[in-house]
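Below is one structure, written out as structure tokens; the observations come after it.
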Amino acid sequence: MRKLINKLIIATAAAMSLVIFTACVDSDRAREDLPQITRMDRADVAAASAATLAGLQTATGATSGSTVVADVADDTSNTFYVNEDGVIIFNLWNQTDATHPISLGLIRFAELVQELSDGEMMVNIRYGAGNDGDLLAMVNNNQLDAAIITIWSAWQSLTPLANLEALPFMFTNYEDAWAAYEGTLGDWVTSNIIVPSGARTLGYWTNGLRHFTNNVRPITVPADMVGLRMRSPQTTTHLAMYEAFGSASLALPFGQVHAGLAAGTFDGQDNPLGNIHAARLYEVQQYLTISNHMFSSAPMIASTNFWYSLSAEHQQVLLEASLLASRYQGALTVAMETTQLMQMEAAGVIVNTVDMTPFIAASIPIWAEHMERYGNDIATIAARYVGDTNSLAHQFSD
């Protein structure tokens, strides 16, 4: 594990050394009175992610080296502390494995924290650290300094508003979703979901656009989903979506999905391509439908004890580092999806891309029910970032 982590660290650092960070002001964030952040152009981010992929493919024989990342910490006290050199150390846990783009983004985040703080702060990352619900509880209870949470159902027991993030077809491309979560939609989620639950938000990362897989037939229209037994995260929006499409939805922790599909307990499931690939679900699924039916963000959160122990300057370091690293990680997610899709097709998975129009039409009752129950604030905010005026966000916004 340590050798693999070091390979990833070396490749990431080499790639990022090709990119010159420039200080600039994003006009949208300025208008929204959000912090002024050091920025990297999207084109530069994409180039850096491509270089990282090339580095990962050629990195061999790497051993130990200077790094700001600890792969798996032996210390489980999870408390913010200052080491003997006066460096602020904090623990950030994440459930994805070391090769996932979120984990690669965290390596860059740790490097940026050290750079932007002039060595005054250091990040200790643990990969594959339990499930999202446990990580969220640990941060909320001040037992863990920080975590990235990859599924919003982790918040559903704390607030029903968490279900709104999974409204189907709110965002159908990365660019709209990224702009929204860096802007006022991210503010809304922070104020209405994360802060009331007991944590602070450091930024919104990319889990990915979700797609369907199954073992019965290609999915081309909603009627193809009738009768399928689909594993589902237990949000009301996810359950309502499967009901609207005529599928039976059953709950199962993500770590058990491969076994459940192999055993035939489920016919299919939905997840971003990165998760489908990382969990090797393509080994036990015949069909993959590119549907882009949900965007899953992955918020980085910090405990209140940790956050308020920091100076304003160190808080700003974390916000800047998270934004830069999240942009890098988002571009890396997209770049890796191309390779992942090719690998799954090579393994025998049959891939098709759907016309989203009939699926969007079938999702209208889901939106209507949730807007009536919770109000349409999220639709109104999301509509500011969605270019398609026929989208569900526009249909249900003020």
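Taken together, the values in this text are just the output of simple stated rules run on the coordinates, not laboratory data. Here the structure is a predicted model, which means the values were calculated and not measured. Neighbour counts are summed over all protein chains in view; Cβ atoms, including those assigned to glycine, are modelled from backbone coordinates with ideal geometry.
Averaging over all projection directions, the Cα-based convex hull of the range 257-366 occupies 10.2 nm² in the image plane. Give me the base-10 log of I(q)/I(0) for the range 178-294 at each q in 0.19, 0.20, 0.22 Å⁻¹, Debye formula, one uniform scatterer per Cα, rounded to two decimals. Scattering profile of the range 178-294, log10 relative to I(0): -1.01, -1.07, -1.19. Computed from backbone phi with θ = phi - 60° and the Karplus coefficients 6.51, -1.76 and 1.60, the 3J(HN,Hα) list for the range 123-133 is 9, 10, 9, 10, 9, x, 9, x, 9, 4, x Hz; x is used for glycine and proline. The Kirkwood radius of the range 238-313, taken over pairs of alpha-carbon atoms, gives through the Stokes-Einstein law at 25 °C and 0.890 mPa s a diffusion coefficient of 161 µm² s⁻¹. Sorting the Cα pairs of the range 135-174 by distance into bins of 5 Å, from 0 upward, gives 5, 22, 21, 22, 15, 9, 5, 1 percent per bin. Annotation: amide H-H contacts under 5 Å for Trp205 (H modelled 1.01 Å from N, sequence separation of 5 or more, or interchain): Ala298, Met300.
Rounded to the nearest 20, the Cβ-based charge dipole of the range 281-369 about its Cα centre (Lys and Arg +1, Asp and Glu -1) stands at 100 debye.
Could you pull out every residue, at least 5 positions away or on a different chain, whose amide H is within less than 5 Å of the one on Ile290? Hs are placed 1.01 Å off N in the peptide plane, and Pro or chain starts have none. Sorted by chain and number, the residues that satisfy this are Asn352, Thr353, Val354.
Put simply, when 178-191, 251-264 are sorted by average Cβ atoms within 10 angstrom per residue, most first, you get 178-191, 251-264.
Its convex hull of Cα atoms gives the range 307-382 a direction-averaged projected area, equal to a quarter of the hull surface, of 9.5 nm². The alpha carbons of the range 161-204 occupy a box of 30, 20, 12 Å along the principal axes, longest dimension given first.
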